[in-house]
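Below is one structure, written out as C-alpha cells, with a few remarks after it.
The values are calculated or read from the model by the stated rules, or taken from the named source; none is laboratory data. In this text, all values refer to a predicted model and were calculated from it rather than measured experimentally. Cβ placement follows ideal geometry from the backbone for every residue including glycine, while neighbour counts extend to all protein chains displayed. Heavy atoms of the whole protein, side chains included, go into the accessibility calculation; ligands, DNA and RNA do not. Shrake-Rupley method; radii C 1.70, N 1.55, O 1.52, S 1.80 Å.
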Amino acid sequence: MTRQGESMSRDQAIVMRYDSPDASRTGRDIVYLHGRGSNEREAGYTLALFGDADVRSYRGPISQGGGFAWFLNAGTGVAIPESLALETEKVGGWIASDTGRRRPWLCGFSNGAAMAGALFLKSPEAYAGLLMIGGCFAVPSGELPDFALAGKPVMFCRGKLDMVIPRHKFAEAQAYLAWRSGAVATMLVYEGGHELPLTIKSAVRAWLTGEESGTRAAD
C-alpha cells in the first residue's frame, strides 16, 4: 500500500507525495505533473505506471477551469512565451529544492507533459529522463533546440484517437524527439483518446526498468 500525504514546501509549492513502502534506496523517484484543469491528486490514478516508486505531484501555479494549469496558452498546444518562461523557472525551482540523492524522472500528462518537456529542455542534466503522455512541446517546432537532449531517455505516448491535442503538434514532437533532439526516444501509440491509459503500464514499467541501469550509473 502506498503512503500518501499533501504538504506545502518552503517555497509555497503544493505537493502530493505517494511514498511506496516497497521502494528501497535504489527505487525510482517520479515527479508527476497533472493535466490542465486538474490538480496534484491526479497522480493517484497513475501510480500503477511507475511500479515501486516514490511519486511527488505538484499543483500547477495557475488557477484554471476549476483546477490548475502550468502556463497560459496562446492556443491549443502553444504557450504564451512569457508565461512559459516564467512558470518553467518557478516549477524547476520547486523540484530542485525538493530533490534528494536521486535524480527524478519527469512525467506529465497533457498540459503537464508540455511543462515536463519545457523543464527537460531547460535542464536535462537535472533529471533521469522524460515521460510525456498525451501532450506535446509548447513552442513551435522551429524553436526546439538541436541536440538539446543528446543521449537522454524519453518516452512519448499518445492515443490514436486523441482529438484534444492537434495532430500536427504530436507529429512535430515525435519528429523532434526521433531526430533533432538527440534523445534516445521511444514512441508508444496506444488505443484510446486523451486520457491516462493504465493499459500502457507494462510498457512504461519495462521502459523505466530498462533505462535505469544506464541513468543510475551517471548519478
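If you count, for each residue, the other Cβ atoms within 10 Å and average over each peptide, how do 165-176, 109-120, 36-47 line up from highest to lowest?
109-120, 36-47, 165-176
Only sites in a loop by DSSP and with at most 13 other Cβ atoms within 10 Å count here; which trypsin sites (Lys or Arg not before Pro) in the stretch 79-143 make the cut?
Filter output for the stretch 79-143: Arg101.
Which ³J(HN,Hα) values, rounded to whole Hz and listed in residue order, are derived for the stretch 176-184 from phi using the Karplus coefficients 6.51, -1.76 and 1.60 in 6.51 cos²θ - 1.76 cosθ + 1.60 with θ = phi - 60°, glycine and proline given as x?
Whole-Hz 3J(HN,Hα) from phi for the stretch 176-184: 4, 5, 6, 10, 5, 5, x, 5, 8.
Starting from the Cα gyration tensor of the chain, take the square roots of the eigenvalues, sort them a ≥ b ≥ c, and report rounded, prolate or oblate (rounded when a/c is under 1.5, otherwise prolate if a/b is larger than b/c, else oblate).
rounded
Label the stretch 106-219 by shape, choosing from rounded, prolate and oblate, from the square roots a ≥ b ≥ c of the eigenvalues of the Cα gyration tensor; if a/c is under 1.5 it is rounded, and otherwise prolate applies when a/b is larger than b/c, oblate when it is not.
Oblate, since a/c reaches 1.5 and b/c is not below a/b.
What number comes out for accessible area per residue over the chain if the probe is 1.4 Å? Units Å², please.
44
Taking 0.36 nm per intervening residue step and subtracting the Cα-Cα distance, what contour gain separates Ala178 from Ile62 on full extension?
Fully extending the segment from Ala178 to Ile62 adds 38.6 nm.
Ignoring any ligand, DNA or RNA, what whole percent of the accessible area of the chain comes from carbon and sulfur when the probe is 1.4 angstrom?
Result for the chain: 56 percent of the exposed heavy-atom area is carbon or sulfur.
Can you tell which of Phe170, Met187, Gln12 lies farthest toward the positive end of the dipole of the chain, using +1 and -1 charges on the Cβ of basic and acidic side chains (Lys, Arg; Asp, Glu)?
Met187
Return the distance in nm (one decimal) between the two label points of a simple spin-label model at Ala148 and Leu86, each offset 7 Å from Cα along Cα→Cβ.
Those two pseudo-labels are separated by 2.0 nm.
How far apart, in nm, are two points set 7 Å out from the Cα along the Cα-to-Cβ line at Ala203 and at Ala126?
2.9
So if I take the centroid of the Cα atoms in the stretch 36-62 and the same for the stretch 82-124, what is the distance between those two points in Å?
Measuring centre to centre over Cα atoms gives 13 Å.
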